[in-house]
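Trainee: To start, I am sharing the structure in question, which I have written as structure tokens.
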Amino acid sequence: MDVIPVIDVAHGKVVRALKGQRSRYQPIETPLAPSSSDPADVARGLGRLFPFNKLYLADLDGIEGRGRNTHLVPALSQALPRAEIWIDAGTQYRNAARTVLAAPVATLVVGTESIETVRSWEDILAEAPERTVLSLDFRHGEFMGPEAMLADASLWPSRVIVMTLDRVGANDGPDIDRLDNIVSRAHGRRVYAAGGVRDRGDLDEIRKIGVRGALIASALHSGKISADDLKEIAGR
């Protein structure tokens with residue numbers, strides 16, 4: 001099972017995500033990088049915890065239209081040299097996708113909250129299908145994006161994230177019913193949970209229903225998911 005640490009970056013700093021309420025995000029305080037919210041410092045702290053082979057970067061400046069933090073990929077790649085970096089920067093068009101994918105370590109994440117039409121998604125996906133991940137975004141039980149993106153599983157690539165924004169950092173647990181539904185319709189695609197995973201017990205529960213990985217931040221910084229947990233989980 002993949003555990004993928006998440007770094008949310010706004011205005012150049014790693015912030016603590018809370019229920020998708022981005023205006024309330026504050027610079028992170030974490031024992032993994034004492035006295036620093038610099039993305040590279042936090043990434044190095046994560047690397048000391050466990051040799052992660054993937055890192056998820058939510059570039060909130062890009063998602064919210066303030067411009068991408070283009071310097072982040074080289075810095076994060078240097079901090080975690082063996083990691084594939086999954087990047088959500090609010091990509092809406094193929095040209096923007098091409099820019100993200102220019103970095104050899106980059107995997108493009110496209111959130112449905114950023115997609116206007118199915119056709120725009122298909123255009124983006126055509127750029128590099130094997131290096132593109134779709135994030136099915138939900139908030140308060142409502143799907144964010146064109147309804148066909150949720151209804152028609154044939155539009156999904158080989159890797160799909162179920163992003164429950166209002167559960168991010170909320171200590172509410174993952175949305176098991178939603179995850180189970182997506183897994184049942186995914187037909188062999190790898191499904192990743194994002195939002196709500198609190199501890200090892202949650203990881204074990206979602207693994208049993210066929211979820212192949214989880215995007216996690218708070219539980220790593222709080223120590224609720226330990227290095228020993230990560231070692232055991234990685235072997236499954």
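The values are calculated or read from the model by the stated rules, or taken from the named source; none is laboratory data. Keep in mind that this is a model prediction, so the values were computed, not measured. Heads up, the Cβs are rebuilt from the backbone with ideal geometry, glycines too, and the neighbour counts pull from every protein chain shown. With ligands, DNA and RNA removed, areas are computed over all heavy atoms of the protein, side chains included. Shrake-Rupley method; radii C 1.70, N 1.55, O 1.52, S 1.80 Å.
Trainee: How many residues, within region 88-117, are open to solvent by 60 Å² or more (accessible area, probe 1.4 Å) and within 14 Å of the chain's Cα centre (by Cα)?
Mentor: So in region 88-117, the residues open to solvent by 60 Å² or more (accessible area, probe 1.4 Å) come out as 92-95, 98-99, 102, 104, 113, 116-117.
Still in the running and within 14 Å of the chain's Cα centre (by Cα): 113.
Qualifying residue count for the region: 1.
Trainee: What number of residues within region 102-140 are among the hydrophobic types (A, V, I, L, M, F, W, C) and under 19 Å from Ile7 (Cβ atoms)?
Mentor: Initially, region 102-140 is screened for residues among the hydrophobic types (A, V, I, L, M, F, W, C), giving 102-103, 105-106, 108-110, 115, 118, 121, 124-126, 128, 133-134, 136, 138.
From what is left, the residues that are under 19 Å from Ile7 (Cβ atoms) are 103, 105-106, 108-110, 133.
The qualifying residues number 7.
Trainee: How about region 118-187: which helices (runs of 4 or more DSSP H) wholly inside it have at least 3 residues that are open to solvent by 30 Å² or more (accessible area, probe 1.4 Å), modelled with pLDDT of 95 or more and touching a Leu at 6+ places or on another chain (Cβ under 7 Å)?
Mentor: Details: elements: 118-127, 147-151, 176-186.
Correct list: empty, since no element meets the threshold.
Trainee: Without any contact (Cβ under 8 Å) to a residue 60 or more places away in the chain and under 30 Å from Asp152 (Cβ atoms): does that describe Glu29? Walk me through it before giving the result.
Mentor: Numbers: without any contact (Cβ under 8 Å) to a residue 60 or more places away in the chain: yes; under 30 Å from Asp152 (Cβ atoms): no.
Taking the combined requirement at face value, the residue does not satisfy it.
Trainee: To continue, here is another question. Which residues, taken from region 206-236, are charged (D, E, K, R), part of a helix (DSSP H, G or I) and surrounded by fewer than 16 Cβ atoms within 10 Å (Cβ to Cβ)?
Mentor: Filtering region 206-236 down to residues charged (D, E, K, R) leaves 207-208, 212, 224, 228-229, 231-232, 236.
Pick out the ones that are also part of a helix (DSSP H, G or I) and you get 207-208, 228-229, 231-232.
Within region 206-236, Lys208, Asp228, Lys231, Glu232 meet the criteria.
Trainee: Going by what's in this entry, would Arg190 be described as in contact with a Phe, Trp or Tyr (Cβ under 8 Å, 6 or more places away or on another chain) and open to solvent by 20 Å² or more (accessible area, probe 1.4 Å)?
Mentor: On the way: in contact with a Phe, Trp or Tyr (Cβ under 8 Å, 6 or more places away or on another chain): no; open to solvent by 20 Å² or more (accessible area, probe 1.4 Å): yes.
The answer is no for Arg190.
Trainee: Then there's this: Scanning region 69-87 for residues that are in a loop (DSSP other than H, G, I, E, B) and either out of contact with any strand residue (DSSP E or B) (no Cβ under 7 Å at 6 or more places or on another chain) or of a type outside the set (A, V, I, L, M) (or both), which turns out least open to solvent (accessible area, probe 1.4 Å)? Before the answer, list the steps.
Mentor: To start, the set of residues in region 69-87 that are in a loop (DSSP other than H, G, I, E, B) comprises 69-71, 80-83.
Now drop any that are not either out of contact with any strand residue (DSSP E or B) (no Cβ under 7 Å at 6 or more places or on another chain) or of a type outside the set (A, V, I, L, M) (or both), which leaves 69-71, 81-82.
Values: Asn69: 23, Thr70: 91, His71: 107, Pro81: 90, Arg82: 189 Å².
Among them, the one singled out is Asn69.
Trainee: Looking only at region 36-52, how many residues end up being open to solvent by 30 Å² or more (accessible area, probe 1.4 Å), in a loop (DSSP other than H, G, I, E, B) and touching a residue at least 40 places away in the same chain (Cβ under 8 Å)?
Mentor: The qualifying residues number 1.
Trainee: In addition: What number of residues in region 192-205 are assigned to a loop (DSSP other than H, G, I, E, B) and of a type outside the set (A, V, I, L, M, F, W, C)?
Mentor: Narrowing region 192-205 to residues assigned to a loop (DSSP other than H, G, I, E, B): 195-199.
This time we only want the ones that are of a type outside the set (A, V, I, L, M, F, W, C), so: 195-196, 198-199.
Counting residues in region 192-205 that are assigned to a loop (DSSP other than H, G, I, E, B) and of a type outside the set (A, V, I, L, M, F, W, C) gives 4.
Trainee: Still on this structure, please answer the following. Considering region 15-35 alone, what residues qualify as being modelled with pLDDT under 95 and either part of a loop (DSSP other than H, G, I, E, B) or buried (at least 22 other Cβ atoms within 10 Å of the Cβ) (or both)?
Mentor: Answer for region 15-35, where residues must be modelled with pLDDT under 95 and either part of a loop (DSSP other than H, G, I, E, B) or buried (at least 22 other Cβ atoms within 10 Å of the Cβ) (or both): Ala17, Leu18, Lys19, Gly20, Gln21, Tyr25, Ile28, Glu29, Pro34, Ser35.
Matching residues to (1) within 14 Å of the chain's Cα centre (by Cα); (2) closer than 15 Å to Leu220 by Cβ:
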site: Asp8; (1), (2): yes, yes
site: Gly20; (1), (2): yes, no
site: Ala33; (1), (2): no, yes
site: Gly47; (1), (2): no, yes
site: Pro51; (1), (2): no, yes
site: Ile63; (1), (2): yes, no
